[in-house]
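The values are calculated or read from the model by the stated rules, or taken from the named source; none is laboratory data. Here the structure is a predicted model, which means the values were calculated and not measured. A quick note on method: Cβ atoms are made from the backbone with ideal geometry, for glycine too, and the neighbour counts reach across all protein chains shown. Heads up: the accessible areas ignore ligands, DNA and RNA and are worked out on the full protein's heavy atoms, side chains in. Shrake-Rupley method; radii C 1.70, N 1.55, O 1.52, S 1.80 Å.
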Amino acid sequence: MEVINKLTAMLGGGACPSEFDGNRISKLVAKANKLQTPKAIKLYAIRNEIFDGTYYRVFACPLKEQAIDEQTIASIKEDIDTLELGHLRFNAVGGGTVTLNIKNEYGRFSTKDNDLDAVQTISNRYEGIVLFTYADSKLANLDCSTAFIGYDSKYGFLSIIPIKNKEVGCQSTVVQDFKDVNPTGDAEEDRNIPAGFRMYNKLMRYLVYVMIAVAIIYWLFFK
């Protein structure tokens, strides 16, 4: 919790610790302070997967508190492990700040037609906690154990700003965490297949995408 306490102090105007990446963390603090009720919390990695060259990590994020007890984390892992990979990939987010349709510390997802995905359904079982899948083609971008959270002033949605471990002077563990994860997906991602064949498959797939796009454009504008 030492890192959390230091991040909390920075939200209140405290100085940036020497072990932090001062330029990067200062920018994230400024971004967090634009949110309503910003605070620093611990992020928990629940499950790791690799599909088609993309890395997926399910995170548990506390809303009411700054941390989650070990018994609850174990229960969440047990629930998430029952899901097939496709459920984790569905509605996966990435690219920095995560915005979720959560509007209070109880952490309940809601939709107009009550059509929740599998991860959201499990998330709703745990009061004060939200679960989400973060995805990126670069493994280093999933190396996060802390975050700033708050609610945007326009729509009131929950914003989660992940903080990379290296940015707060913490040791990276993500490579070790993914070491035993078996990649799945298309043939070009299978390292047992020669590189030339993987590249051929990838080019053929892109060619198919181009042909489909051309066919759609022709049908819409020239038919």
Per the filter on the stretch 144-160, residues farther than 23 Å from Glu2 by Cα and surrounded by fewer than 22 Cβ atoms within 10 Å (Cβ to Cβ) are Tyr151, Asp152, Ser153, Lys154, Tyr155, Gly156, Phe157
So if I check each of Glu167, Glu188, which one is of a type in the set (Asp, Glu), at pLDDT below 95 and touching a Phe, Trp or Tyr at 6+ places or on another chain (Cβ under 9 Å)?
Glu188
Under 8 Å between Cβ atoms, at least 6 apart or on separate chains: pull out the pairs that start in the stretch 178-193 with a residue that is within 15 Å of Ala135 (Cα to Cα) and end on any residue that is open to solvent by 60 Å² or more (accessible area, probe 1.4 Å) and modelled with pLDDT under 70.
Pro183/Asp190; Pro183/Arg191
Can you find a residue that is touching a Phe, Trp or Tyr at 6+ places or on another chain (Cβ under 6 Å) and hydroxyl-bearing (Ser, Thr, Tyr) anywhere in the stretch 35-53?
no
Just the residues that are assigned to a loop (DSSP other than H, G, I, E, B) and surrounded by 17 or more Cβ atoms within 10 Å (Cβ to Cβ), please, taken from the stretch 42-75.
Leu43, Leu63, Gln66, Ile68
Anything in the stretch 29-41 that is out of contact with any helix residue (DSSP H, G or I) (no Cβ under 9 Å at 6 or more places or on another chain) and open to solvent by 60 Å² or more (accessible area, probe 1.4 Å)? List them, or say none.
Lys31, Lys34, Gln36, Thr37
Residues satisfying the stated conditions in the stretch 120-143, i.e. open to solvent by less than 10 Å² (accessible area, probe 1.4 Å) and farther than 24 Å from Ile4 by Cα
Ile122
From the list Ser26, Ser110, pick out the single residue that is on the phi < 0 side of the Ramachandran plot, outside any strand (DSSP E or B), open to solvent by 30 Å² or more (accessible area, probe 1.4 Å) and at pLDDT 95 or above.
Ser26
Can you tell me which residue in the stretch 1-19 is farthest from Phe148 (Cα to Cα), limited to those that are among the hydrophobic types (A, V, I, L, M, F, W, C) and open to solvent by 60 Å² or more (accessible area, probe 1.4 Å)?
Ala15
Output the residue which, of all residues in the stretch 128-173 that are without any contact (Cβ under 8 Å) to a residue 24 or more places away in the chain and in a loop (DSSP other than H, G, I, E, B), is nearest to the chain's Cα centre (by Cα).
Gln171
